[in-house]
Every structure is written in C-alpha cells, then in structure tokens.
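Engineer: Mind having a look at this structure? Questions to follow.
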Amino acid sequence: MDDLHRLIAIEEVKRLKARYFRCVDTKDWEGFKSLFSPDAVFDISQDVPGAVLIGPEKIAQAASVPLTGCVSVHHGHCPEIEITSPTTATGIWAMQDILRWAADSATPNRWLHGYGHYVENYERIDGRWHIKTMKLTRLRVDIG
C-alpha cells in the first residue's frame, strides 16, 4: 500500500470512530450497529467484570440500556492508527466520557466522568471500514 492510500485509509478509520462517538451520544443505535463487523467483539470487562460482547446487536444493547435517560458526551483524542494491510488496521484512542442521568433515572448514579483508552482492530469489508475488536480501558472514573 502506498503512502497516499495509507493516509486515506487512516482518515477513513478516523471518520468511522467519529461516527461511533456521534451515534452513541445521539442514541442512533441503528447507525451505531452499522459501524461493527458482523463478528465484532467489545471487551468492557474493566467496567463490567466478565463482560465481553460479541456482535453488533449485543454491543448496541449493552450501550443503549445504561444510556437510557442519559445525556452523554464521548470524545476520542490522539488516535494512533496503523494500517496493517489493505483490509486491516489497529488503533488506540485516548478517550473521555461525561454522562449525566436525569434525577428520576433508575441508574443509581447522577453522573460519571471517565478517562481512558480504546484499543481497537478494524476490518475493511466491501470497501468500508468496520470496528472488529474494541477494548475499553479506564485510567480514572469519577462518579457522583
């Protein structure tokens, strides 16, 4: 892969991750599911012990349920993306999320402010990049 195509692929992966954050915060769960490969794996075991989700449906369900009645802001920063082949890539994103639940929410917390990293693998399927694997690692979580 030449440098130009590598740079284009990196930009496409950045746009994929931007859609991930937008879909989560706008609660666009159909759009969210479309970002993942059919056999995608999301490891959130640091937040929920033992939780490794497989498939776009389960990943979307696991994200949507706790975010019901929640205003969320998710940011990804400082992407370290490596194109490993014309159809595969890896990435690490510094992340920050701020969650605010309504006073009448069933969630025991009113707010959460987290910091950490997403460690990811991507796969190009039919000319479009998808998230293949994703692991959320937390450096700090403030809860109130």
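Engineer: So in the stretch 74-94, with the set limited to residues that are assigned to a strand (DSSP E or B), β-branched (Val, Ile, Thr) and out of contact with any helix residue (DSSP H, G or I) (no Cβ under 6 Å at 6 or more places or on another chain), which one is surrounded by the fewest Cβ atoms within 10 Å (Cβ to Cβ)?
Structural biologist: It comes out as THR84.
Engineer: Next question. Which residue pairs have Cβ atoms closer than 6 Å, lie 6 or more positions apart in sequence or on different chains, and pair a first residue in the stretch 1-23 that is over 20 Å from HIS77 (Cα atoms) and outside any helix (DSSP H, G or I) with a second residue that is modelled with pLDDT of 95 or more and not basic (Lys, Arg)?
Structural biologist: Once the first residue is over 20 Å from HIS77 (Cα atoms) and outside any helix (DSSP H, G or I) and sits in the stretch 1-23, its partners that are modelled with pLDDT of 95 or more and not basic (Lys, Arg) give MET1/PRO86.
Engineer: Being farther than 27 Å from ARG6 by Cβ, in a strand (DSSP E or B) and among the hydrophobic types (A, V, I, L, M, F, W, C) narrows it down to one residue among VAL41, VAL141, VAL48; which is it?
Structural biologist: VAL141
Engineer: Check LEU53 against each of (1) among the aliphatic types (A, V, I, L, M); (2) outside any helix (DSSP H, G or I); (3) within 18 Å of TRP129 (Cα to Cα); (4) without any contact (Cβ under 8 Å) to a residue 40 or more places away in the chain and name the one condition it does not meet.
Structural biologist: Unmet for LEU53, out of (1) among the aliphatic types (A, V, I, L, M); (2) outside any helix (DSSP H, G or I); (3) within 18 Å of TRP129 (Cα to Cα); (4) without any contact (Cβ under 8 Å) to a residue 40 or more places away in the chain: (3).
Engineer: Let me ask you something else. Cβ contacts < 9 Å: first residue more than 28 Å from THR26 (Cβ to Cβ) and free of Cβ contacts under 8 Å to residues at least 60 places away in the same chain, restricted to the stretch 72-86; second residue outside any strand (DSSP E or B) and not polar (S, T, N, Q), any location; separation 6+ or different chain. Result?
Structural biologist: GLU82/ILE10
Engineer: May I ask you to list the residues in the stretch 48-61 that are crowded, with 16+ Cβ neighbours inside 10 Å and either closer than 18 Å to THR137 by Cα or among the hydroxyl-bearing types (Ser, Thr, Tyr) (or both)?
Structural biologist: LEU53, ILE59
Engineer: Tell me the residue from LEU136, LEU112 that is closer than 17 Å to ASP43 by Cα and assigned to a strand (DSSP E or B), please. It would help to see each step written out before you state the result.
Structural biologist: Values: LEU112 fails: closer than 17 Å to ASP43 by Cα.
On inspection, the qualifying residue turns out to be LEU136.
Engineer: Go through the stretch 89-143 and report how many residues are small (Gly, Ala, Ser) and at pLDDT 95 or above.
Structural biologist: 6
Engineer: Only residues that are of a type in the set (A, V, I, L, M, F, W, C) and either modelled with pLDDT under 95 or closer than 15 Å to ALA89 by Cβ (or both): list them for the stretch 19-40, please.
Structural biologist: Selection gives LEU35, PHE36, ALA40.
The values are calculated or read from the model by the stated rules, or taken from the named source; none is laboratory data. No experiment lies behind these values; they were computed from the predicted model shown. Every residue, glycine among them, receives a Cβ derived from its backbone with ideal geometry; neighbour counts consider all protein chains shown.
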